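Values quoted throughout were computed directly from the atomic coordinates according to the rules given, and no laboratory measurement underlies them. None of the values given here were measured: they were computed from a predicted structure. No Cβ is skipped: glycine too gets one built from the backbone with ideal geometry, and neighbour counts run over all protein chains shown.
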Amino acid sequence: MKLLSLVTAALLPLTALAAKKPTGTIFDKYNAKQLSQSGSFKLDDKSYAQLTKAPRDYSVAVLLTALEARFGCGLCNDFQPEYDLLARSWSKGDKAGEGRLLFGTLDFLDGKAVFQSVSYREIFKRSLQWLTYYSFNCKPRLSCSSSIPPLDPTRRPTPLLHASTSSPG
């Protein structure tokens, strides 16, 4: 009996070492991807579903687009660099990920199932471009691991652009 106790006690630390370590959250995975790329990161059907699945402790902006010339969406090709600039600017200012906002792009060729689920015929009528925003949706009863502070309805948002009324001189 003592031998069994000793063997069990000896093997217990080994099982702890063999346990699978958590690989990080979905936000951490895509935030690292966003920081490593110049602009928004590319999505497919699977990654779109993973990223937009509730509950989320982050927000995500997804641009549904069709960039290939055969789709004839000039607006898509004009807007993509601007969207990437926005994503790149956000990433530069929020390297720690405190804002918990991600920017993804789903092209028609990579996400046909998603386009069908959001009625891609409507998207085609609107120049093949659709920007969707999924806000974080953690509530106290849900088990989200983030420490996002509750929204303060009395707090005024900080303007993105500041206009100066003083004249040079």
Q) Taking the Cα centre of the stretch 21-134 as origin and charging only Cβ (+1 Lys, Arg; -1 Asp, Glu), how large is the dipole, in debye to the nearest 20? A) 240
Q) So, in nm, how far is label ALA96 from label SER36 when the simple model puts each one 7 Å beyond its Cα toward the Cβ? A) 2.3
Q | Cut-off 13 Å between beta-carbons: net charge of the residues surrounding SER91, Lys and Arg +1, Asp and Glu -1 | A | +2
Q. For the pair LEU85 and ALA54, how long in nm is the line joining their label points, each one 7 Å along Cα→Cβ?
A. 3.5
Q. Given H placed 1.01 Å from N in the peptide plane, which residues other than close sequence neighbours of SER59 have an amide H under 5 Å from its amide H?
A. LEU101, LEU102, PHE136
(Q) Show me, for the stretch 102-118, the HN-Hα J-couplings you get by feeding each phi into the Karplus relation (A = 6.51, B = -1.76, C = 1.60, θ = phi - 60°), rounded to Hz, glycine and proline as x. (A) 10, 10, x, 10, 10, 7, 4, 5, 8, x, 4, 5, 5, 4, 5, 6, 9
